[in-house]
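Here is the structure we will look at, set down as structure tokens.
Please treat every number below as a calculation from the coordinates, not as lab data. In this text the structure is predicted, and so the values were computed from the model without any measurement. Cβ sites come from the backbone with ideal geometry, for glycine too, and all protein chains shown count toward neighbours.
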Amino acid sequence: MGIITFPKGFLWGASTSSYQIEGGNRGSALWDWERRKGWERSGDAAGSWERFDEDVACLKALHLNAYRFSVEWSRVQPTPDGFDEAALRRYAAWASRLRSEGIRPFVSLHHFSEPAWLLRRHPRGWFDDAVPARFLRFAERTAAALGESVADWVVFNEPMVFLVGAYGMAFFPPGRRLLARPRLFSPLVENVSRAHNECYKLLHRLQPGCRVCSANNIAALDPARPGDEEAVAAWDRFMHRDFIERTKEHVDIIGVNYYTRIYVHRSFLSPLPGKAVPGYAELVKGITGPLFSLIGGRRGSGEPTGMGWEVFPEGLGRVVTALWRDYGKPIVVLENGIADAAGERREGYVREHLKSLAGAMAAGADVRGYFHWSLVDNYEWGSYRPRFGLFTRERRPAGGSSFYAAVARAGEVETDG
Ligand code: BGC
């Protein structure tokens, strides 16, 4: 039995997002989208809009010193020209309560959900310059309202996942399918990264000394077969590095969401950047469908999670090491977790990922924190089936929560080797 000790002051956190936990976000474009897509309805979600005290009790039971939540744009700006001061006050009260409990709030400004009016007014979405301008106005009001208690801002959650979802594969509104048309798609990356950079400047102007990042979803990528290395590099550039490169001068930390490994194959039949065939469970179901194996795609092995994802802890250390090598900025893991309905695999998942993270830190990477996804079971964009929570929606502890609480309290992980 070995013990790994994390540095003093290391952030032990949990992450959530407004649309996935608050419930009743009727003003979001997603509300009607769920109905149109025939998704399971989000409804009351985890009820967190009314149950924040219980969420704080969960954070305290876990001994966490950090909590990442998002502000729902459609709640604080229910109409194009109107801000809801009461909603802003509620979020500000949450942040101040967290502070008083010794829990550092990390606040995300854009976590997939956008107001329905935004796309009604600007049907071209992030192609339209008016959208970044509106986003910045929302960010400014939010920062002004929460700034007394919040110094850590996550501008975009998984900007590339958002863009691919909303404009690439028609999974999110506005439901465009441009992934296979890189020339049409790339202005979006340009516009969203520019909005990140402007938001960074805005937040630093309002709050000198604050810390700003976006949360990048980064998978460990491996070639499906010898010869696929170029496709791996192309996909890494498109899906991971392009946004980070465009925003690297405007981040104080690098935020990483890590879940799994993806094998990438090169096929001349692929319409994707670099002729890549990346083995995301979602893509296999969606765009490539049954063609996936036919054109040489490869999926990870081992027992998949409730999302159909491979568990690959080494990948976290690998991803963090590469980011540290290439950017030399402090890193925070802003999401990592497992859909585990039975609650039997979460403890092992967390232990192995922390071991891997500690390995990267021992080799020099400056990692400041680890946030587990998620605090409570929540709405997984279309379904309640995947259970990522350390607590159930009834706020009962789920498998792995007592283990994570012990880790956070001691700042140590016991390993078997
Ligand atoms: C997203 C979350 C999501 C989680 C699990 C991340 O990609 O930020 O909203 O629930 O992964 O799928």
### Message
With the structure loaded, tell me whether Pro123 is under 22 Å from the mean Cα position of the chain (by Cα) and more than 18 Å from Trp94 (Cα to Cα) or whether it fails that test.
### Response
no
### Query
If we keep just the residues of region 255-278 that are within 16 Å of the ligand (Cβ to nearest atom) and not polar (S, T, N, Q), which is farthest from the chain's Cα centre (by Cα)?
Pro278
### Message
Taking the conditions exactly as written (away from the ligand (no atom under 16 Å from the Cβ) and in contact with a Cys (Cβ under 7 Å, 6 or more places away or on another chain)), does His250 satisfy them or not?
### Response
no
### Query
Looking at (1) surrounded by fewer than 21 Cβ atoms within 10 Å (Cβ to Cβ); (2) within 16 Å of the ligand (Cβ to nearest atom), which is the only condition Arg181 fails?
(2)
### Query
When the residues of region 319-342 are filtered to those that are of a type outside the set (Ser, Thr, Tyr) and surrounded by fewer than 18 Cβ atoms within 10 Å (Cβ to Cβ), which remaining residue is nearest to the ligand (Cβ to nearest atom)?
Ala341
### Query
Which numbered condition trips up Gly27, out of (1) under 23 Å from Asp152 (Cα atoms); (2) buried (at least 17 other Cβ atoms within 10 Å of the Cβ)?
(1)
### Query
Can you tell me how many residues in region 86-120 are in contact (Cβ under 8 Å) with a residue 60 or more places away in the chain and either within 16 Å of the ligand (Cβ to nearest atom) or surrounded by fewer than 16 Cβ atoms within 10 Å (Cβ to Cβ) (or both)?
7
### Task
Could you list all residues from region 138-156 that are polar (S, T, N, Q) and within 14 Å of Ile254 (Cβ to Cβ)?
none
### Task
Please go through region 123-136 and pick out each residue that is without any contact (Cβ under 8 Å) to a residue 60 or more places away in the chain, of a type outside the set (Gly, Ala, Ser) and in a helix (DSSP H, G or I).
Arg134
### Task
Looking only at region 7-66, count how many residues are within 16 Å of the ligand (Cβ to nearest atom), of a type outside the set (D, E, K, R), outside any loop (DSSP other than H, G, I, E, B) and over 15 Å from Ala408 (Cα atoms).
8
## Note on the structure
When (1) touching a strand residue (DSSP E or B) at 6+ places or on another chain (Cβ under 9 Å); (2) touching a residue at least 12 places away in the same chain (Cβ under 8 Å); (3) of a type outside the set (Ser, Thr, Tyr); (4) under 22 Å from Arg325 (Cα atoms) are applied to Gly337, the one that fails is (4)
